[in-house]
Amino acid sequence: MLNSSLKQMAAALRANEISSVELTGLYLERIAAHNPSYNAYITVNPEMSLQQARLADEMLARGQAQPLTGIPIGQKDIFCAKGWRTTCGSKMLADFIAPYDAHVIEQFNAAGAINLGKTNMDEFAMGSSNETSYFGPVKNPWDQTRVPGGSSGGAASAVAARLCAAATGTDTGGSIRQPAALCGITGIKPTYGTVSRYGMIAFASSLDQAGPMARSAEDCALLLNAMTGFDERDSTSLQREKEDYVRDLDLPLKGLRIGLPREFFAEGLSPDVAARVEDALSEYRRLGAVTVDISLPNSKLAVPVYYVLAPAEASSNLSRYDGVRYGYRAPEYADITEMYEKSRSQGFGNEVKRRIMIGTYVLSHGYYDAYYLQAQKIRRLIAQDFAEAFKQCDVIMGPTSPSTAFRLGEKGDDPVQMYLSDIYTIAVNLAGLPGMSIPCGFGDNGMPVGMQIIGDYFSEARMLNAAHQYQLATDWHSRSPV
Ligand code: GLN
C-alpha cells in the first residue's frame, strides 16, 4: 500500500480492501517509528487524524467518496488548521493553536482527505536546507547526513520516506521544487494566484504559492484538483473556471517544443546533474519532443532581485509578530518598547532576523529607489524574458538545483552559497509562472537529481502531461530510499 499511487489507494478504499482508519493508522505507526530519525513532522495528533479518518470512512460507506477521500496528507506547518498547533517552524509560533482553517486545509477537508500532521519547514519558509527550523533540521531519507532541501523539507522527506501518501508545500523562491529534487519526489508550484493564500502564513506575499508534493505527476494532478479554486479572502486569488489537471495526462508528447535556456546549463552546474538532465532530455526526444535553444538573459539577476524583494515583503509581513496579539512574548520587560524588542529578538531565529534587517534597509528612505524600485523593474524584465521564450517553445526544461543534496551544516555559515541553491527556481516565482520538479536519476553521490519543467501561465495540465509521459517511460519516480 505504501508504494501505491493515490489512484490505487482511492480504489482500495472504495473497494473496502482497507479503511481510511487502517490506512491512517499505518502511516501514524510509521511516523511513530521513523520520525525520530527524520524529524519530518513538527506535530502529529493521532486523535484528530483518526477522527477525520472515521468521517472519511462514513463518506466512503455512503458512496460519497471523492478522489482523495480517506487519503492521509502531510500538511506543511505554514497552513493554519483549526485546533492544530501551527508553528511555521518558529519559536514565535511554537504554542500557537490556529483558530481557523487555511483555504487549502478547507479544500482538503471538503475532499475528505486526512490531515496526518504538520510537516517541518525552515523558519517562516526562509531557507533551502530545512536547517533554520526552530524544531531542528530534517534529514534526507536517502542519506541522513544530508539535507532534504527547503523550505518544504519536512514534506519532501515525509513523502520520500513513505511517512504520508502525499503532502503540501509552499514555494516562494523554490521551496517546493528544490526539496522535491533533493529527495527524489515530484512537486509543482502552480501559477501565482491559482491556490488561495488565505490562512497560509505569509512570507513574501507577491511570490508565495502553495502546491502539491507527491511521488508522481499523476498524484500531483489529483492533489492540485483539490487545492485550486477562487477564494475571495485572498485578494490575489484568480477567478477562473475550475480546471481538471488530470485531463491531459495521457496525451502523446509528439511535437512538444522544449526550450533549453543556455543560462541554466552554464558554469555552476554540477557535471553529474547536467548529465542526468541531458539523459532525461534524450528520453523526451525519444518520446517525440523537440528541443530548442533559448535564452533568459536577465535570469542571472533573479537571485539578487529576489533577495531585495522577498526580504522587503517579509519585513512588512513579519511586523505583526510583536508579542502583543499572539505568538511569543518575552517573559520579562520594563516597558512596551522593551517588550517588542525582547519578544522579537528571542522569538525569531537568525535567518529571519537577517531578512527583516535587509528588508527594512531596502525599504527605508533614501534606499527605496536604489534597491526596492530597481528590483521591481528588473522583475518585470525577467518576466518579459519568459514571455519571449514562450514564443519559441511550449515548456522550458533544465536542472532544478545546481547540485544534489549537500551535507547538513555544509552551507550554514554562508548565506550566499545557500541562496544560490535556488538559482534556477527563483526567476519562476518572480514571473509568477508555474514550475515543477521531477526525479530524473541519481548523482555521483547516489543522491536524487531533479529536472525542472517551467510552463507558461496556466499551463499546469500540459506540464503535468509532460511529466507523466516521462514517468510512464522511466522509473526514477518510483525508486524508494526505504
Ligand atoms: N530558499 C529561498 C529562501 O530562502 C526560497 C524559500 C521559499 O521558496 N519559501 O527564501
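The values are calculated or read from the model by the stated rules, or taken from the named source; none is laboratory data. Keep in mind it's a predicted model, so treat the numbers as computed, not measured. Glycine gets a Cβ as well: all are built from the backbone with ideal geometry, and neighbour counts include every protein chain shown.
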Are there any pairs, at least 6 apart or on different chains, whose C-beta atoms fall under 6 Å, with the first in region 42-56 and under 23 Å from Asp95 (Cα atoms) and the second charged (D, E, K, R), and if so, which? Ile42/Asp77; Ile42/Lys118; Thr43/Arg85; Thr43/Lys118
Starting from region 350-379, take each residue that is more than 15 Å from the ligand (Cβ to nearest atom) and list its partners that are part of a loop (DSSP other than H, G, I, E, B) and among the aliphatic types (A, V, I, L, M), counting only C-beta distances under 8 angstrom and pairs at least six apart or across chains. Tyr372/Leu363
Any chance region 150-172 includes a residue that's hydroxyl-bearing (Ser, Thr, Tyr), over 16 Å from Asp422 (Cβ atoms) and surrounded by fewer than 24 Cβ atoms within 10 Å (Cβ to Cβ)? no
Evaluation of Phe458 against (1) of a type outside the set (Lys, Arg); (2) in contact (Cβ under 8 Å) with a residue 60 or more places away in the chain; (3) surrounded by fewer than 18 Cβ atoms within 10 Å (Cβ to Cβ); (4) farther than 22 Å from Leu296 by Cα (one fails), failing number: (4)
Report the residue count in region 39-51 for those that are among the aromatic types (Phe, Trp, Tyr) and more than 14 Å from Lys118 (Cα to Cα). 0
Residue that is farthest from Leu6 (Cα to Cα) [pool: residues in region 199-220 that are among the small types (Gly, Ala, Ser) and away from the ligand (no atom under 13 Å from the Cβ)]: Gly199
Number of positions in region 243-263 that are within 26 Å of Ala155 (Cα to Cα) and either modelled with pLDDT under 95 or crowded, with 23+ Cβ neighbours inside 10 Å (or both): 1
Which residues, taken from region 330-365, are crowded, with 19+ Cβ neighbours inside 10 Å and over 30 Å from Arg379 (Cβ atoms)? Ser343, Gly347
Residues in region 182-200 that are under 20 Å from Ala302 (Cα atoms) and surrounded by 24 or more Cβ atoms within 10 Å (Cβ to Cβ): how many? 3
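Give Gly359, Gly323 a once-over and let me know the one that is farther than 17 Å from Ala204 by Cα and out of contact with any strand residue (DSSP E or B) (no Cβ under 7 Å at 6 or more places or on another chain).
Gly323
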Scan region 76-94 for residues that are over 22 Å from Ala156 (Cα atoms) and without any contact (Cβ under 8 Å) to a residue 60 or more places away in the chain and report the count. 2
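Can you say whether Ala214 is at negative phi and within 14 Å of the chain's Cα centre (by Cα), as far as the supplied structure shows?
Taking the combined requirement at face value, the residue satisfies it.
If you scan region 267-294, which residues turn out to be part of a loop (DSSP other than H, G, I, E, B) and exposed (fewer than 15 other Cβ atoms within 10 Å of the Cβ)? Even if it seems obvious, please write down each step before you answer.
Start the filter on region 267-294 by keeping residues that are part of a loop (DSSP other than H, G, I, E, B), which leaves 267-270, 287-289.
Scanning region 267-294 gives Glu267, Gly268, Gly288.
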So Ile188, is it at negative phi, in contact (Cβ under 8 Å) with a residue 12 or more places away in the chain, within 11 Å of the ligand (Cβ to nearest atom) and among the β-branched types (Val, Ile, Thr): no
If a residue must be away from the ligand (no atom under 15 Å from the Cβ), of a type outside the set (A, V, I, L, M) and outside any loop (DSSP other than H, G, I, E, B), how many such residues does region 77-130 contain? 10
(1) assigned to a strand (DSSP E or B); (2) within 14 Å of the ligand (Cβ to nearest atom): which one isn't true of Met418, the others all being true? (1)
Thr69 meets each of (1) buried (at least 24 other Cβ atoms within 10 Å of the Cβ); (2) in contact with a helix residue (DSSP H, G or I) (Cβ under 8 Å, 6 or more places away or on another chain) with one exception, condition (1)
Taking region 153-183 as the region of interest, how many residues are among the polar types (S, T, N, Q) and either in a strand (DSSP E or B) or modelled with pLDDT under 95 (or both)? 2
Does Gln452 fit the bill of being free of Cβ contacts under 8 Å to residues at least 40 places away in the same chain, within 16 Å of the ligand (Cβ to nearest atom) and among the polar types (S, T, N, Q)? no
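Every residue, every condition in (1) modelled with pLDDT under 95; (2) under 15 Å from Gly398 (Cα atoms); (3) of a type in the set (Ser, Thr, Tyr), yes or no:
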{"residue": "Ala427", "(1), (2), (3)": "no, yes, no"}
{"residue": "Gly435", "(1), (2), (3)": "no, yes, no"}
{"residue": "Gly441", "(1), (2), (3)": "no, yes, no"}
{"residue": "Gly446", "(1), (2), (3)": "no, no, no"}
{"residue": "Asn465", "(1), (2), (3)": "no, no, no"}
{"residue": "His468", "(1), (2), (3)": "no, no, no"}
{"residue": "Thr474", "(1), (2), (3)": "no, no, yes"}
{"residue": "Arg479", "(1), (2), (3)": "no, no, no"}
